[in-house]
1. Of everything in segment 255-279, what is within 15 Å of residue 386 (Cα to Cα), open to solvent by 10 Å² or more (accessible area, probe 1.4 Å) and part of a strand (DSSP E or B)? Give them in sequence order.
2. Can you tell me which residue is modelled with the highest pLDDT among those in segment 401-459 that are farther than 24 Å from residue 292 by Cα and hydroxyl-bearing (Ser, Thr, Tyr)?
3. Can you tell me which residues in segment 75-95 are part of a helix (DSSP H, G or I) and open to solvent by 40 Å² or more (accessible area, probe 1.4 Å)?
4. Exactly one of these conditions fails for residue 325: (1) more than 30 Å from residue 380 (Cα to Cα); (2) more than 24 Å from the chain's Cα centre (by Cα); (3) surrounded by 13 or more Cβ atoms within 10 Å (Cβ to Cβ). Give me its number.
5. Please list, ordered by first then second residue, the pairs with beta carbon atoms under 9 Å, 6 or more apart or interchain, first in segment 332-356 and over 12 Å from residue 244 (Cβ atoms) and part of a loop (DSSP other than H, G, I, E, B), second open to solvent by 40 Å² or more (accessible area, probe 1.4 Å) and not charged (D, E, K, R).
6. Restricting attention to segment 134-177, report how many residues are in a helix (DSSP H, G or I) and either among the small types (Gly, Ala, Ser) or in contact with a Lys or Arg (Cβ under 7 Å, 6 or more places away or on another chain) (or both).
7. Among the listed residues 394, 370, identify the single one that is under 16 Å from the mean Cα position of the chain (by Cα), small (Gly, Ala, Ser), at pLDDT 95 or above and within 16 Å of ligand 2 (Cβ to nearest atom).
8. Looking at segment 7-44, which of the residues that are within 16 Å of ligand 1 (Cβ to nearest atom) and among the β-branched types (Val, Ile, Thr) is modelled with the lowest pLDDT?
Amino acid sequence: MSRLVVVSNRVALPAKGKQASGGLTTGIFDALRDTGGIWFGWSGEIAGKQAAEPKVTKADGLTYATVDLPRKDYEGYYNGFSNAALWPLFHYRLDLMSFTREDFAAYQRVNTLFADALISMLHPDDLVWVHDYHLIPMAENLRRAGAKQRIGFFLHTPFPSFGVLAALPHYDSLLESLCAYDLVGFQTNEDLTAFHEAVCRGASGAVLPDGRIRAFGRTFRAGVFPIGVDPDAIAEMAVPAVKSRTLRRFEEGIRNRQLIIGVDRLDYSKGLEHRFKAFACFLERYPENRGRVRFLQIATATRSNVPEYRALRQRLGALAGDIAGRFSELDWTPMQYLNRSFSHRSLCGFLRISRIALVTPLRDGMNLVAKEYVAAQDPGDPGVLILSPFAGAAYELDGAIIANPYDPDAVAEALQMAAQMTLDERCERWRAMMMILRRNNITAWRENFLRALGETRSQLS
Ligand code: ADP
Ligand code: F6P
């Protein structure tokens, strides 16, 4: 059997705790847990001028190989091109996209550095699986360094429609980089269709009758592989977590009120400002819920060196304060807003005790929290998921209440419907979603992708 080599910018190193927040690390760790292999990527450390050799650690049957980033390139690669240009672009926020040629050059240099550090670790029959927008040029660089292995790529974020993609200077170079893989995977059909369009319109390529793509003199495959969770493992974690001291203390404070929960990285793509305003609209339009519900929003700060993230944090703090000031009574506060991270176990406990989950991103590749919420529920008394149609998860979770995050009244109405939903309807919706979660679980994601990659033949031409 081929050895699996996973490459991603963020690596959940054992020493730092496996649960760095983010769907990518959650998904990859769960996928690698069963197969073993190498997880290669950034150590999270900044080196002086020169990046050091990869540091190798073994734990949990996995080999972690990580490199430090040179200080001069970190800023342009991570804060710059990856998170101030590609991230907003891929989430349809051209207004927030900030591109510089220097950042793009740093991005290219880091991708070359990663490829040069990885190449000597590869065995001839390895399957190499590269993840996410930080590392789009990896295959091209590995090929240049002599790699003959099959190399696949999975994009965790949305892939934007061509009209949006074309706003990025050098988008054609990124397209060419994507076409150097043997298999390119997306979360949804919408993303794949957008990629087809980009290849045809932006690279004069073609989608062949058998679904393969021809562009830049190569033929390769692209497909849809929705990332999943391990629903049984989540349920197993959630049940005892509810009895933990943290959860018991918290539950005493909410005293039988219905808990509404949001769990996200603090990111503008998650629609948190819209969500807070919709919650205020709910309390305004349906005042009978005042005193009866509590909204808990957990939002871990990420990418705090990117100016837009710092500005968002300030705005959200102010908005949460306004809502508390406007609606609180002496014996009731409407919402709790926490900028901290929790263990995955505690998070699953919070999800389980919540009667409603608000997962309302403005754009999201998948959104694993939506799936984790469903998996964590008590089958005898499940809660209700309110889901944005702009999350990849909405393509699968048809038992959720779908609400447009741009319409505060729609989200308020969804909250009211969820708060009043009968047990029978909650159970019916939950069972439908659980069936899908079990079918499209994390193992299916990994196996389907790797099977498809294994079936491709390296076409180097
Ligand atoms: P993204 O990849 O954009 O962050 P996802 O919803 O797909 O969004 O994945 C987020 C992952 O990070 C989930 O597995 C979730 O449980 C985890 N997570 C989110 N917030 C926290 C937090 N405050 N503490 C710990 N884990 C978190
Ligand atoms: O899943 C989307 C994603 O951007 C991952 O690529 C990333 O690891 C995660 O969210 C968290 O972001 P960051 O690595 O910038 O903290």
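1. Listed by number, the residues that qualify are 258, 263, 264.
2. The extreme case among them is 406.
3. Hits for segment 75-95 are 75, 94, 95.
4. If we test residue 325 against (1) more than 30 Å from residue 380 (Cα to Cα); (2) more than 24 Å from the chain's Cα centre (by Cα); (3) surrounded by 13 or more Cβ atoms within 10 Å (Cβ to Cβ), just (3) comes out false.
5. 334/328; 341/19; 341/21; 354/258; 355/258
6. Within segment 134-177, residues that are in a helix (DSSP H, G or I) and either among the small types (Gly, Ala, Ser) or in contact with a Lys or Arg (Cβ under 7 Å, 6 or more places away or on another chain) (or both) number 5.
7. On the way: 394 fails: within 16 Å of ligand 2 (Cβ to nearest atom).
None of the other options fit; the residue is 370.
8. 26
The values are calculated or read from the model by the stated rules, or taken from the named source; none is laboratory data. Only a predicted model underlies this, so the values are computations on that prediction, with no experimental measurement involved. FYI the Cβ positions are ideal-geometry reconstructions off the backbone, even for glycines, and counts take in every protein chain you see. What goes into the accessible areas is simple: the full protein's heavy atoms, side chains included, and nothing from ligands, DNA or RNA. Shrake-Rupley method; radii C 1.70, N 1.55, O 1.52, S 1.80 Å.
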